[in-house]
Amino acid sequence: MTRFLSLMAALLLAVPVAAAELGDDGLHKTDWMRETFKDLREDLAEANAEGKRLMLIVEQRGCIYCTKMHEEVFPRAEIADYIRENYFVVQINLHGDIEVTDFDGESLSEKQATRKWGLLFTPSILFLPEEVPEGQTAAEAAVAMMPGAFGPQTTLDLLTWVREERYALDTDEDFQRYHARMIEQRAAAKSE
């Protein structure tokens, strides 16, 4: 009976809650994304004031990989809740015309900013530190970038790795080693 209840709980957690709606710009919209003036210095200050990490998610209309993330990964309760509790998320349109003010003070359209940052694929997620050195761009300051669509566990592990500032630890455990360790721990827990 206990095994049955555990299986049912695992199945319920594995089912996505609900996929995000498409906005007028053709991009997926979630309740954890913030509508801002896209002045990244202001967004960072607001994220810090809330005790959250600034996360820039770059997407484009018709992106099948963005759709995959919004239908299969982000709606999972453990991921959506983790993002909501720990991240201040600003969406950037790879081909958009809305003005973005980068950390270096330069104001550009979204499409110019993403070119400046060297982003070619969507989704791309940039994770920013609590403080960005004077004159750096978002891409230069990012502590990590998620280039493309990943599965739920990889995504959650990366969100956790960044939130816990594991990139700043003086160890040999980079994200890939951390992720491998988490996979092993989950496998060990399942076999018990």
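Looking at the range 98-172, the helices (runs of 4 or more DSSP H) lying wholly inside it that each contain 3 or more residues that are under 12 Å from the mean Cα position of the chain (by Cα) sit at 152-163.
The set of residues in the range 96-119 being open to solvent by 20 Å² or more (accessible area, probe 1.4 Å) and among the acidic types (Asp, Glu) consists of ASP97, GLU99, ASP104, GLU106. Within the range 159-171, track down each residue that is open to solvent by less than 30 Å² (accessible area, probe 1.4 Å) and in contact (Cβ under 8 Å) with a residue 24 or more places away in the chain. Hits for the range 159-171 are LEU159, THR160, VAL162. Within the range 92-111, residues that are closer than 11 Å to ASP39 by Cβ have Cβ atoms under 8 Å from residues that are surrounded by 15 or more Cβ atoms within 10 Å (Cβ to Cβ) and among the small types (Gly, Ala, Ser) in these pairs: GLU99/SER109; VAL100/SER109; VAL100/ALA113; ASP102/ALA113; ASP102/ALA138; PHE103/ALA138; PHE103/ALA141, counting only partners at least 6 apart in sequence or on another chain.
On inspection, LEU13 passes the criterion of being at pLDDT below 95, in contact with an Asp or Glu (Cβ under 8 Å, 6 or more places away or on another chain) and either open to solvent by less than 20 Å² (accessible area, probe 1.4 Å) or part of a helix (DSSP H, G or I) (or both).
Of the helices (runs of 4 or more DSSP H) contained entirely in the range 39-95, those carrying at least 3 residues that are open to solvent by less than 10 Å² (accessible area, probe 1.4 Å) and out of contact with any Pro (no Cβ under 8 Å at 6 or more places or on another chain) fall at 40-49.
The values are calculated or read from the model by the stated rules, or taken from the named source; none is laboratory data. If you're wondering where the values come from, they're calculated on a predicted model, not measured in any experiment. Here Cβ is always computed from backbone atoms with ideal geometry, including for glycine, and neighbour counts include all displayed protein chains. Quick note on the areas: whole protein, heavy atoms, side chains included, nothing else; ligands and nucleic acids left out. Shrake-Rupley method; radii C 1.70, N 1.55, O 1.52, S 1.80 Å.
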